[in-house]
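Notes to accompany the following structure.
The values are calculated or read from the model by the stated rules, or taken from the named source; none is laboratory data. Note that the coordinates shown come from a computational prediction; the quantities given were computed from them, not determined experimentally. Quick reminder, even Gly has a Cβ in these numbers, built from the backbone with ideal geometry, and neighbours come from all protein chains shown.
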Amino acid sequence: MSGFLRLGVNIDHVATIRNARGGEHPDPVRAAFDAAAAGADGITAHLREDRRHITDDDIARLKDQLAIPLNLEMAATEEMLAIAIRHLPHAACIVPEKREERTTEGGLDAAGQFDVLAPFVARLTEAGIRVSLFIEPDAKQIDAAIRLKAPVVEFHTGRYAHLSGESQAVELRRLADAAALAWKNGIEPHAGHGLTYDNVVPVAAIPQLAELNIGHFLIGEAIFTGLHSSIRQMRALMDEARG
Ligand code: PXP
């Protein structure tokens, strides 16, 4: 606990820009190489049902070419399960997915969807993939993750990111309590969504967290300073938070 905090860089929005013109540039796989060179500890990519950013070909190339771990974000569907089992990423993070949403709004209801999720967690685990559940920092959801035997949970920090003042402090305590509870129960806690230079330090300081997954802000900031610089600066803030 309170050791090195890994940074997973989510490259989805490099693909968003590429797909705006339908060609090959900018290539998210090239961004993944650059992210690794800048110090990313892993690459995260969300293959959505509608393929609005990352494509099947991106996942195949990432898996073939990347030297650092690939975390595949996926909905709990038979199609995505087959893709995960075909490519065998290091980790698969099960996320809720609604076609009309702009991004992943809210965590997975692991408690309410227990029976639906159980076979997905089991089959991914059997395939040797480290399963993570993207959940709200909530004791009921952590309890479901324990019962599902998920080795990892990722706490949705979107609510924290959108709040300010005392309400943000309350949400930060909720994240800290959830990380402690997961860790106490043998689950490795991660966190992500909406993290920026301005809000990352208090989250990175939560000692039980082992990994942050950050995308939109890093890719957006790279427009101004370059990907190497945006990742280095985020890394420096995370290290500072860990003392
Ligand atoms: N973690 C998960 C599970 C996500 O779905 C996302 C968004 O795709 C992120 C982390 C990264 O969020 P952001 O792009 O806001 O940094």
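Out of 81, 117, report the one residue that is surrounded by 21 or more Cβ atoms within 10 Å (Cβ to Cβ) and at pLDDT 95 or above. Break it down stepwise before answering.
Details: 81 fails: surrounded by 21 or more Cβ atoms within 10 Å (Cβ to Cβ).
Only one candidate passes the filter, namely 117.
Any residue in the range 58-78 that's within 24 Å of residue 112 (Cα to Cα): show its pairings with residues that are assigned to a helix (DSSP H, G or I) and away from the ligand (no atom under 14 Å from the Cβ) at Cβ separation under 7 Å, as long as the two are six or more apart or on different chains.
Matching pairs, first to second residue: 72/59; 72/84; 74/84; 76/116; 76/117; 76/120.
Residue 20: more than 16 Å from residue 225 (Cβ to Cβ), touching a residue at least 24 places away in the same chain (Cβ under 8 Å) and not in a loop (DSSP other than H, G, I, E, B), yes or no? Write out each step before concluding.
Working: more than 16 Å from residue 225 (Cβ to Cβ): yes; touching a residue at least 24 places away in the same chain (Cβ under 8 Å): no; not in a loop (DSSP other than H, G, I, E, B): yes.
Spelling it out, it is not the case that residue 20 is more than 16 Å from residue 225 (Cβ to Cβ), touching a residue at least 24 places away in the same chain (Cβ under 8 Å) and not in a loop (DSSP other than H, G, I, E, B).
From 121, 131, grab the single residue that is farther than 29 Å from residue 217 by Cβ and within 17 Å of the chain's Cα centre (by Cα). I'd like the intermediate steps shown before the answer.
Values: 131 fails: farther than 29 Å from residue 217 by Cβ.
Result of the check over 121, 131: 121.
Yes or no, residue by residue, for (1) touching a Pro at 6+ places or on another chain (Cβ under 6 Å); (2) within 20 Å of residue 78 (Cα to Cα); (3) surrounded by 15 or more Cβ atoms within 10 Å (Cβ to Cβ):
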{"position": "14", "(1), (2), (3)": "yes, no, yes"}
{"position": "21", "(1), (2), (3)": "no, no, no"}
{"position": "38", "(1), (2), (3)": "no, no, yes"}
{"position": "44", "(1), (2), (3)": "no, no, yes"}
{"position": "47", "(1), (2), (3)": "no, yes, yes"}
{"position": "50", "(1), (2), (3)": "no, yes, no"}
{"position": "54", "(1), (2), (3)": "no, yes, yes"}
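Condition (residue is more than 16 Å from the ligand (Cβ to nearest atom), over 27 Å from residue 15 (Cβ atoms) and out of contact with any strand residue (DSSP E or B) (no Cβ under 6 Å at 6 or more places or on another chain)) applied to the range 96-111: is it met by at least one residue?
Yes: the range 96-111 contains one or more residues that are more than 16 Å from the ligand (Cβ to nearest atom), over 27 Å from residue 15 (Cβ atoms) and out of contact with any strand residue (DSSP E or B) (no Cβ under 6 Å at 6 or more places or on another chain).
Identify all residues within the range 154-212 that are closer than 22 Å to residue 74 by Cβ and among the acidic types (Asp, Glu); write none if there are none.
Residues satisfying the conditions are 154, 188, 211.
Which pairs have Cβ atoms under 8 Å, sit 6 or more apart or on different chains, and link a residue in the range 127-142 that is closer than 16 Å to residue 171 by Cα and part of a strand (DSSP E or B) to one that is among the β-branched types (Val, Ile, Thr) and within 14 Å of the ligand (Cβ to nearest atom)?
From residues that are closer than 16 Å to residue 171 by Cα and part of a strand (DSSP E or B), the pairs are 135/153.
Mind checking which residues of the range 1-38 are within 14 Å of the ligand (Cβ to nearest atom) and of a type in the set (Lys, Arg)? Outline the logic, then answer.
So the first thing to find is which residues in the range 1-38 are within 14 Å of the ligand (Cβ to nearest atom), and the list is 6-17, 28, 31, 35.
Residue satisfying the conditions is 6 alone.
Any residue at all in the range 60-81 that is of a type in the set (Val, Ile, Thr) and either touching a Lys or Arg at 6+ places or on another chain (Cβ under 9 Å) or in a strand (DSSP E or B) (or both)? Break it down into steps so the answer makes sense when it comes.
Filtering the range 60-81 down to residues of a type in the set (Val, Ile, Thr) leaves 68, 77.
After this cut, where a residue has to be either touching a Lys or Arg at 6+ places or on another chain (Cβ under 9 Å) or in a strand (DSSP E or B) (or both) as well, the list is none.
The answer is no, given that none of the residues of the range 60-81 is of a type in the set (Val, Ile, Thr) and either touching a Lys or Arg at 6+ places or on another chain (Cβ under 9 Å) or in a strand (DSSP E or B) (or both).
So how many residues does the range 39-73 have that are touching a His at 6+ places or on another chain (Cβ under 8 Å) and more than 16 Å from the ligand (Cβ to nearest atom)?
Step one: list which residues in the range 39-73 are touching a His at 6+ places or on another chain (Cβ under 8 Å), which gives 42, 46, 53-54, 59-60, 63, 69-73.
Now drop any that are not more than 16 Å from the ligand (Cβ to nearest atom), which leaves 60, 63.
Number satisfying all stated conditions: 2.
Going through the range 30-55 one residue at a time, which ones are over 15 Å from residue 238 (Cβ atoms), within 17 Å of the chain's Cα centre (by Cα) and not in a loop (DSSP other than H, G, I, E, B)?
Correct list: 31, 32, 36, 43, 44, 45, 46.
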